[in-house]
Structure formats: C-alpha cells, structure tokens
Amino acid sequence: MLSLKAQPRELKGRKTKKIKEQGLIPAVVYGHGFKSKSIQVLALDFKKVFKEAGESSIINLEIEDDKPIKVLIYDLQRHPLKDNLQHIDFYKIKEGEKIKVETGLKFIGEAPAVKELGGVLFNNLSEVEIECLPEDLIHEIEVDISVLKTFEDIIRVKDLNVPSGVKILDEAEEMVVQVERPRQEIIEEEIVEEAIGEETKEETKEETKEEKPKEENK
C-alpha cells in the first residue's frame, strides 16, 4: 500500500497562498466518526502517489507522528487556468463500511469490427461508480473489446466483469463501448437512401397522375 506524509496546517483561506509558494498543497481529511483535520502535503510527494494510486486506491496517510490512517483521494481542486493543484480532500475509510468510488475502465484487446471492417471505436464511458468494502476496492476494470466483431455488437455496463464483492452502480443497460461504421460509409448510405426516397416520390406522383380521371370535354 502506498504511503503519503502530511503535516498539520494552521493557515486557511487566502493565507494558503504562502503554503503553495513553498511547494505544498493544502488539504483536509475527514470521514464518518472522524474529526476533520486541516493538513498540507508536499506537491512532489503527492504527484508521485497520485500517479500510482489515482482516485480509487487506498493509501496510508501519515500525519507527523500519529498512527497512519487509510484514506482515499476523494476530490481534487485545480486552478481554472494553470491547472495546478489547489486543494485535496482525503476521505478516511472505516473498516467494515462500504465505500463508493469512481473506477476507471481499461480497454484491452482489439476489436475485429475496427481491424477488419474499418469501423471507429466509440467509448461512451471511461469510468463507472462502484460500491464495495475497502478491502475489495479495485483500481480499474478491464474491458475486453475483442468481442466487438460487428457494428451491432455492444458492451454494456451489465457485461463488465468485477469481483463478487464489488457492485457497479451505473445503469445496467448503459452502453460502455461499441464500434461505429466509418463516416464515409454512413454518408454514402444516406445518399443512397435519399435517392431512393426521391425516386419513390416520383413514382408515387406518376401513379397519382395515371389514376386521376380525365376531365370530359365540355
């Protein structure tokens, strides 16, 4: 399990600017039955841990000499223009208590509908929400796209394979990924359909003219 060192934080609000200038990120840790604590972590240390853990792995948070606590990286706030980290929320997990987290999808394999039919892979979801006990938490879910052999094949949420202790909370019928027809092929089909439609209209007009009784000469 990954570990991250932290220190208690006194400065809050706008005063945290001084912290950021020192290469630190202001943060808070909270959870059920746990008194929230304002802390700060080294930006370099956090980036290393986050690269491996992401937002769906448990890490040991070491606040000075206190006993390490197990937490999740619950929320990140970034600067709207610079995209650098401004604040971190850590959530202390409780043993025996189920947690809900967003878990990423990892697409593996090769879709025959792409390789052989020239289709375009369309990912509708890149992550799903799961619920499980802390010890059953998974970092990612693998999605084997080699089953996508035709343009009609679809992988839905209900098709995802997860361990028995993990429950996916997204709608079961929601599409995860499929292969779409090449754009050029769709355009050609639309042109053909449009031409057939116009031809049908002309035929209908001709039939209407033939069926219309001729007016008698007065």
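Details
- Counting only strands (runs of 3 or more DSSP E) that fall entirely inside the range 44-119 and contain at least 1 residues that are in contact (Cβ under 8 Å) with a residue 24 or more places away in the chain and of a type in the set (Ser, Thr, Tyr), the qualifying elements are 85-92, 99-108.
- Every residue from the range 9-42 that is hydroxyl-bearing (Ser, Thr, Tyr) and surrounded by fewer than 10 Cβ atoms within 10 Å (Cβ to Cβ): none
- The residues listed here are Asp45, Asp75; of these, the one that is more than 19 Å from Leu133 (Cβ to Cβ) and more than 24 Å from the chain's Cα centre (by Cα) is Asp45.
- Within the range 104-152, tally of residues that are surrounded by 14 or more Cβ atoms within 10 Å (Cβ to Cβ) and aromatic (Phe, Trp, Tyr): 2
- Hits in the range 78-90 - residues which are closer than 15 Å to Ile39 by Cα and within 21 Å of the chain's Cα centre (by Cα): Leu85, Ile88, Asp89, Phe90
Residues are listed down the side, and each one gets a yes or a no for (1) of a type in the set (Gly, Ala, Ser); (2) more than 29 Å from Val28 (Cβ to Cβ); (3) in the same structural domain as Lys37 (by TED's automatic domain parsing); (4) modelled with pLDDT of 95 or more:
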| residue | (1), (2), (3), (4) |
| --- | --- |
| Phe90 | no, no, yes, no |
| Val120 | no, yes, no, no |
| Glu135 | no, no, no, no |
| Ile138 | no, no, no, no |
| Asp144 | no, yes, no, yes |
| Glu152 | no, yes, no, no |
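- Residue count for the range 18-43, restricted to those that are of a type in the set (D, E, K, R) and either over 18 Å from Asp66 (Cβ atoms) or touching a residue at least 60 places away in the same chain (Cβ under 8 Å) (or both): 3
- If you go through the range 1-17 and pick out every residue that is in a loop (DSSP other than H, G, I, E, B), more than 27 Å from Lys98 (Cβ to Cβ) and either touching a strand residue (DSSP E or B) at 6+ places or on another chain (Cβ under 6 Å) or in contact (Cβ under 8 Å) with a residue 40 or more places away in the chain (or both), you end up with 1.
The values are calculated or read from the model by the stated rules, or taken from the named source; none is laboratory data. Keep in mind it's a predicted model, so treat the numbers as computed, not measured. Counting neighbours? That spans all protein chains shown, and the Cβs are built from the backbone with ideal geometry, glycine included.
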